[in-house]
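For reference, the structure is listed below as structure tokens.
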Amino acid sequence: MKPFENEASGMLFGLPMPMAKAFGLRAERIAGDQASVRMPRNDLHTNSRGEVHGGALAVLLDCTLASAARAHAPTRFGVITVDMSLHFLAPCSGDVIATATCERRGRSLCFVRGEARDTNGTLLALATGTFKLMEK
């Protein structure tokens, strides 16, 4: 069994996160400088057209990029989002999987990039962010 597999709702890679519970986020993979998180489709997180709302994608990407920032020691650090930029590319009406890579990790600041795709592999959004590591 992988670490963090079958994590309780509201946990994300070993840390309690109520936002993860509210959006049904599920930890998929974390290692080295990378993280992957799945967000199942939820009618409460859709726009007027029934597609996944951009705000829900922003939550998913923020949580995934933050996870990649702490991927080297997932339970040792929490993070604070300093800055994040998003580019929405396509609509989606199903589950979304986000992946992120920490490109540079300093003593306290991390620079991370990521993307969100639907289950068919269609690129939905791109994100970059700066995150501050906070020892637990």
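Rg over Rh for the chain works out to 0.95, using Cα positions for both radii and the Kirkwood form for Rh. As a proxy for reagent exposure, Phe131, Phe88 were ordered by neighbouring Cβ count within 10 angstrom, fewest first; the result is Phe88, Phe131.
Okay, which of segment 26-59 sit inside 11 Å, backbone N to the point 7 Å along the Cα-Cβ direction of Lys2? Under 11 Å, as judged by backbone N against the label point of Lys2, lie 27-31, 35-38 of segment 26-59. Modelled label positions at Met11 and Ser93, each set 7 Å beyond Cα in the direction of Cβ, lie 3.6 nm from each other.
The ranking of Ser9, Ser36 from fewest to most other beta carbons within 10 Å of each one's beta carbon is Ser9, Ser36.
Distance between the pseudo-spin-label points of His72 and Met134 (7 Å out from Cα toward the beta carbon): 2.0 nm.
Under 12 Å of direct C-alpha separation, and excluding same-chain neighbours fewer than eight residues apart, Lys132 reaches these aspartates and glutamates: Asp83.
Taking the fewest neighbouring Cβ atoms within 10 Å as the starting point, the ordered list for His72, His87 is His87, His72. Computed about the Cα centre, the dipole magnitude for the chain is approximately 380 debye when only Lys and Arg (+1) and Asp and Glu (-1) carry charge, each at its Cβ.
Values in this text are rule-based calculations from the coordinates and carry no lab data. What you see is a predicted model; the values in this text were computed from it and never measured. Please note: Cβ atoms are built from the backbone with ideal geometry, for glycine as well, and neighbour counts cover all protein chains shown.
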